[in-house]
Amino acid sequence: MKNDIHFINPKYPSVPDLRRRAKAKIPKFAFEYLDGGCNDDVSLKKNTDRIRAVELKPKYLVDYQPPQLKTELFGHVYDAPFGIAPVGLQGLMWPNAPEILAKAAVDHNIPFVLSTVSTSSIEKVSKITDGRAWFQLYHPTEMKITKDLLHRAAVAGCPVLVILADVPSFGYRPRDIRNGLSMPPKMTLKNLIEVAKRPHWGFRTLVDGTPQFETLKPYMPKNLDLSQLAKFMDATFSGRLDEEKIKKIRDLWKGKLVLKGAESLHDIEIAERLGLDGVIVSNHGGRQIDMGQATIDSLKSIVPVYKDKITIMMDSGIRGGADIARVLSQGADYTFLGRTFMYGVSALGKKGGNHTIAMLKKQLNQVMEQLSCHQVSDLQNKVV
């Protein structure tokens, strides 16, 4: 997409600006679901703090060519070295958020990853992205549901399947417990007051309809009482992933297969041995475990052993363009951001996806200019 700068709203030129606007625009229960981590937010904060401890040193007096952000990943050349990470309950934070972000992703030629528990269907997002969206699979307890989801993803043209390693149990999230978060959200007096404070969100939700788990509708009992949805989810999905499950998925899925939530050399070794194409070093944005290593530190231990053996990507803690540069400098082949894009769409609605992508490109481009980097890979030569 040309002239990316025209998509940047000058009132919100940074991620903190978008976050503040999102907080003011959506109900507290939705914002806290998006913004929070688990337990005491130790991992949530540490992820970003440790990324920002990475220092890069410019060399100015060199022959120089302008930055080139294009990056090849799984045989496709994307226009930037970052994509949109899967996020659950996206439509809760802003109506039609997955559709808005998927459209922006295809317009800017970056990957969009749809979560099983997002609020748009595989088929709809595939249509929006011309079959270029990736799909992230939560693990059904019944193989017939797994097979059907994989079949739907394949028919939709999804080039990459992402399987999760880091959800053997749901994270303990005090904010969500206090807010009685469910899908749809419980309309307690407290939450009704929050909705009344955010009339724009309430109006858009009324017009567009209550968000649902659209991909999962075919597997839900007819006339399911939405108050029983949590029980259905617990009975239908088991987050625990093991070698046997991966082997079965590898046999069934003919496209590229990626393990997300890998942080240890042990798990990367298994992924590589079982023939997976890539890994996303991730701790679920600090939403699952609160005493683990920051993702950038996990990446630093993985890259020296597995670089060039398997595609290594990273999410969790990456917020802006400078963070993307820092992570790429440590040897990651690609990066993904989740909260940043949801801040953008929550803040700016339909314009939020284009704004956020253009902003990140501009930020990253400026960093590369300052460091005299022509290719993204040149960032690895700038580490202090």
Pull out a ≥ b ≥ c, the square roots of the eigenvalues of the alpha-carbon gyration tensor of the stretch 68-140, then state rounded if a/c is under 1.5, prolate if not and a/b is larger than b/c, and oblate in the remaining case. prolate
How much space per residue, in cubic angstrom, does the convex hull of the C-alpha atoms of the chain take up? 131
Taking a ≥ b ≥ c as the square roots of the eigenvalues of the Cα gyration tensor of the stretch 14-154, is the shape rounded (a/c under 1.5), prolate (a/b larger than b/c) or oblate? oblate
With the chain treated as a Gaussian network of Cα nodes joined by springs under 10 Å, which of PRO304, PRO86, PRO221 yields the largest mean-square fluctuation? PRO221
So for the stretch 64-104, using the alpha carbon gyration tensor with a ≥ b ≥ c as root eigenvalues (a/c under 1.5 gives rounded; past that, a/b versus b/c decides prolate or oblate), I'd call it prolate
Among bridges DSSP assigns within the stretch 4-381, what percent are antiparallel (round to 5)? 15
Quick one: which of LYS144/LYS231; LYS124/LYS245; LYS144/LYS307 span more than 31 angstrom between C-alpha atoms? LYS144/LYS307
Who wins for biggest fluctuation among ASN283, ASN179, ASN47 in a Gaussian network model of the chain, springs between alpha carbons below 10 Å? ASN179
Going down the table (LYS25/LYS45; LYS28/LYS351; LYS57/LYS351; LYS254/LYS309), which pairs top 27 Å between alpha carbons? LYS57/LYS351
Over all viewing directions the Cα convex hull of the stretch 239-384 casts an average projected area in nm² of 10.3
Using a cut-off of 17 Å between alpha-carbon atoms, which aspartates and glutamates can reach LYS11, once sequence neighbours fewer than 8 places away in the same chain are excluded? none
Per-residue Cβ neighbour rank within 10 angstrom, fewest leading, GLU72, GLU269: GLU72, GLU269
Under the helix-only model (-39500 (n - 2.57) for each DSSP H run of 4 or more, divided by the residues of the chain), the mean residue ellipticity at 222 nm, to 500 deg cm²/dmol, is -12500 deg cm²/dmol
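Just so you know, all these numbers are worked out from the coordinates, no wet-lab data involved. Since the structure is predicted, the reported quantities are computational estimates derived from the model, not experimental observations. Glycine gets a Cβ as well: all are built from the backbone with ideal geometry, and neighbour counts include every protein chain shown.
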